[in-house]
Amino acid sequence: MPASERPQEAAGKAQRQPDGEGAKAERPGAGNGLDTGFEMTRALPASLLYRHCDPRDLPFDLCSELPDAPVELGQERAAEAIRFAMRMRRPGYNVFALGGAGTGRHSLVERLLRERAAREATPPDWCYVNNFDDPQKPHCLSLPPGRGEQLAAAMKRLVEELRASLPAAFERDEYRARREVIDHQFKQQSDEAFGAVQQRAESRDITLLRTPTGLAMAPKRDGKVVTPEVFEALPQEEREAIQREIETIQGELETVMRQVPQWEREHRDAIRELNRDTTGYAVGHLIGELRAGYQEFPAVLEYLDAVERDIKENVDDFLPQPPAQAEMPSSPVPAGMAAAIEDARFRRYQVNVVVDNGGQQGAPVIYEDNPTLQTLVGRVEHLARFGALLTDFNLLSPGALHRANGGYLVLDAAKLLTGNFGWASLKRALSAGEIRIESLEQLLSMVSTVSLEAQPIPLDVKVILLGSPTLYYLLAAHDEEFAELFKIAADFDDRIERSSDMTLLYARLVATMTRRHKLRCFDNAAVARVIEYASRLSGDADRLSTSMRAIADLLQEADQLAADTSKEIVGAGEVQGAIDAQFRRGDRVYRRLQEEIGRGNIRVRTSGEVVGQINGLSVLTLGTIMFGNPSRITAQVRLGRGEVVDIEREVALGGPLHSKGVLILSGFLGGRFGGSRPLSLNASLVFEQSYGGIDGDSASAAELFALLSALAEVPIKQCFAVTGSVDQHGQIQAIGGVNEKIEGFFDVCRLTGLDGHQGVIIPAANVKHLMLRHDVVAAAAEGRFAIRPIDTVDQGLELLTGLPAGVPDGDGTYPEGTINRRIATRLDGFAAKAAALLRDGAARGSLP
């Protein structure tokens, strides 16, 4: 059997009454002193094969008359856990919502979160601004909701106003006058120093000449410069005297030249101080207006102080740039590139608002459908400029943790674990209590280029993971940090009790879904059919499925069928049509198997008697479709050493649960027949014409009946199919998929012809689970097909063979003519032959 075919609960109801009449039931069983409501081995009445929901018991005509259903319908336990986690604002109290797919986890979680979030305070805005001392480490600012965008807009206006006001300030007459005074002072100082040197040189008949390479000195006579020819014609002593004078003047000139850089620095400092004063006058009142609006935010004031200092230091960026003097003609700069260069000078004054909660009412509720490292903690983007990748604080992009900060973040656990470092980044952020934006390259140390190290943002978020129970248990067992970070488990149930009160609530759920999906109105008969379908989905007539996805799909498809026939009201016919269409869309394999059985290619008998052969039942699941499939199980026995060979296991086609079931058969044989004799037999069991894997123990009862038939050499009626597991004491136990198994064998019998003898033998504990198709119920009511419950192996043997099973007397001897007596006699014969062979082998000096 498939691994998913696990036994369902044994407890529940067996008596069927309409929902509105307070159905009662007792636990089925034989010999347990309880009233089962039916007789073992007798064909069940049609009233026990399907639990109807009578539309007359529903207090409405149209579902539009009903109010909406409670948010947590059937999920009170999970809702209680989620509400507690929302109130618990301490580290680690995040939530893992575990449940089956389609149980409404996401919708319930979102509705509960939004209800709570609407009453909570709106979290602050978060911005990144330039760190003027170290641009690689941007600072973060926290501001009340909406103030982040205001600051960004204010800084943008500031830059625009400064780009206009600062050039104007430097064009004023006052600035020019002060600049001229500074320039004049520098020029005067330089002229006086050089003039003094020139006067001393003139007094010594030395003149200073300006040449393309600088200053030069030459002797003069009678006010004229002495030519080199005349100088060489002078006496030696006079030439040497002139040379000494030139060297003296040269020393004085060098002294003055050494002072020129200092004078230039003083000149630049004076100009810079003048520019600061002028800039401060133009910037001061604008920055002051900004400071006035953020007096209660010290971090913003500190940032504005840094902005003012930087503007004063880099005022030239705001002034018209002189055209570059190029020695050689060059290609013109494209207009787009020129604009980019122009804008790049002022990017450092922008404010990058990574979280804007200005339009948020209450705490945010964020669902991230692609949880990876970058989508959770953000990323550092880059711009391509002049063949290089550049970045700055403006290119810091937020992640889901930023958007959910101060509120709630919902994630799909499976996507998170398979996402690109998503699980590791989430755990790191939750453990540290902060969001640190870093690229994947930084995380893996794959790049050596300089990148940004943005200041982390404090994290205050409640994370809700949605996942399967299997995933939850695996994380709890293998991830040491999981228990510290996700202390709350919200366990979603896959079914609820089918009581009269819950039936009415389920009807309200149908009404809620029709309004939510904007569907046509359903009448009470259609709602009753939906409730019956929900019971079938749960695999239990006394339960209702909480698979909201399946119910929503059914409602929408039924609505479409009503639209196809221009009906304004959806009736039971449209609901049944949608159910039939769902199965038909996926039943190709099922119909092919039925066809092969009908044509005899797959051998399944529904009449006659065969020794050691029985019809077993399995369930196949293909996508969303489950269907039953009859299989022929055969058994062979022979002299041996007490082994029951599972051929499926021997060829690695049998799963562990199936193998366990076969081993239980050995335990049953040993317990019943091995007390007074050795089990000197070998037996083999196999699913004939089975070419795939088999698992589950729901065929163990059928395998035991086939084995006992082979041992007793008593034929089994092939008009029956059997399902059920068995324990070592011969008790028949509940299994899963009982409805699909019965319907699968019924369809085979219908192919070969229903003769009134065919039927299915099921565990008595499964009677409460029956929600069979209407055609099966109708055939049972007409006596053409039967479902017979059993509670023990002996009851099944008597049904299948028509012979009494037999009860042992005080000596453990079974009466003559019973099946158990025939089995005991056959085993005695095997034991005697084994003993004889042993004696013969010992006599010949060898063992067999």
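The values are calculated or read from the model by the stated rules, or taken from the named source; none is laboratory data. These figures come from a predicted structure and were not determined experimentally. FYI the Cβ positions are ideal-geometry reconstructions off the backbone, even for glycines, and counts take in every protein chain you see. Just so you know, the surface numbers come from the protein's heavy atoms only, side chains and all, with ligands and any DNA or RNA stripped out. Shrake-Rupley method; radii C 1.70, N 1.55, O 1.52, S 1.80 Å.
Yes or no, residue by residue, for (1) more than 30 Å from Ala218 (Cα to Cα); (2) of a type in the set (S, T, N, Q); (3) open to solvent by less than 80 Å² (accessible area, probe 1.4 Å):
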| site | (1), (2), (3) |
| --- | --- |
| Ile249 | no, no, yes |
| Met257 | no, no, no |
| Pro261 | no, no, yes |
| Arg265 | yes, no, no |
| Arg272 | yes, no, no |
| Gly284 | yes, no, yes |
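Within the bounds of segment 601-608, is there any residue that is out of contact with any Lys or Arg (no Cβ under 8 Å at 6 or more places or on another chain), in contact (Cβ under 8 Å) with a residue 40 or more places away in the chain and under 27 Å from Leu48 (Cβ atoms)?
Yes.
Of all residues in segment 795-820, how many are in a helix (DSSP H, G or I) and open to solvent by 60 Å² or more (accessible area, probe 1.4 Å)? Full working, then the answer.
Step one: list which residues in segment 795-820 are in a helix (DSSP H, G or I), which gives 795-801, 819-820.
Next, from what is left, pick out any that are open to solvent by 60 Å² or more (accessible area, probe 1.4 Å): 798.
Going through segment 795-820 one residue at a time, the tally reaches 1.
So how many residues does segment 795-815 have that are over 17 Å from Ala702 (Cβ atoms) and touching a Gly at 6+ places or on another chain (Cβ under 9 Å)?
Summing the residues that are over 17 Å from Ala702 (Cβ atoms) and touching a Gly at 6+ places or on another chain (Cβ under 9 Å) in segment 795-815 gives 6.
Six or more apart or on different chains, Cβ under 6 Å: which pairs go from a residue in segment 686-704 that's farther than 12 Å from Leu657 by Cα to one that's part of a helix (DSSP H, G or I)? Could you list them?
Val686/Ile647; Leu704/Leu665
Among the residues of segment 344-373, which ones are in a loop (DSSP other than H, G, I, E, B) and of a type in the set (Val, Ile, Thr)? Write out each step before concluding.
Initial filter on segment 344-373 (in a loop (DSSP other than H, G, I, E, B)): 345-346, 350-351, 356-364, 369-372.
Matches in segment 344-373: Val351, Thr372.
Taking the residues in segment 132-168 that are outside any helix (DSSP H, G or I) and touching a Phe, Trp or Tyr at 6+ places or on another chain (Cβ under 8 Å) as candidates, determine which candidate is surrounded by the fewest Cβ atoms within 10 Å (Cβ to Cβ).
Looking at residues that are outside any helix (DSSP H, G or I) and touching a Phe, Trp or Tyr at 6+ places or on another chain (Cβ under 8 Å), I get Pro135.
Is it the case, given these coordinates, that Thr825 is open to solvent by 30 Å² or more (accessible area, probe 1.4 Å) and without any contact (Cβ under 8 Å) to a residue 24 or more places away in the chain?
So Thr825 passes the test.
Would you check if there is a residue in segment 763-784 being surrounded by fewer than 24 Cβ atoms within 10 Å (Cβ to Cβ), in a loop (DSSP other than H, G, I, E, B) and of a type in the set (Asp, Glu)?
Checked against the condition, which is being surrounded by fewer than 24 Cβ atoms within 10 Å (Cβ to Cβ), in a loop (DSSP other than H, G, I, E, B) and of a type in the set (Asp, Glu), segment 763-784 yields at least one hit.
Quick grid of which residues meet (1) within 19 Å of Gln189 (Cα to Cα); (2) touching a helix residue (DSSP H, G or I) at 6+ places or on another chain (Cβ under 7 Å); (3) in a helix (DSSP H, G or I); (4) among the hydroxyl-bearing types (Ser, Thr, Tyr):
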residue	(1), (2), (3), (4)
Glu240	no, no, yes, no
Trp263	yes, yes, yes, no
Glu266	yes, no, yes, no
Ala270	yes, yes, yes, no
Asn275	no, yes, yes, no
Gly280	no, yes, yes, no
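Inspect segment 393-401 for any residue being open to solvent by less than 10 Å² (accessible area, probe 1.4 Å), assigned to a helix (DSSP H, G or I), modelled with pLDDT of 90 or more and out of contact with any strand residue (DSSP E or B) (no Cβ under 8 Å at 6 or more places or on another chain) and give the result as yes or no.
Among the residues of segment 393-401, not one is open to solvent by less than 10 Å² (accessible area, probe 1.4 Å), assigned to a helix (DSSP H, G or I), modelled with pLDDT of 90 or more and out of contact with any strand residue (DSSP E or B) (no Cβ under 8 Å at 6 or more places or on another chain), which makes the answer no.
Of the residues Ile496, Ile579, Ile551, only one is in a strand (DSSP E or B), open to solvent by less than 30 Å² (accessible area, probe 1.4 Å) and under 21 Å from Gly102 (Cβ atoms); which? Write out each step before concluding.
Details: Ile579 fails: in a strand (DSSP E or B); Ile551 fails: in a strand (DSSP E or B).
Step by step, each of Ile496, Ile579, Ile551 is checked, and only Ile496 is in a strand (DSSP E or B), open to solvent by less than 30 Å² (accessible area, probe 1.4 Å) and under 21 Å from Gly102 (Cβ atoms).
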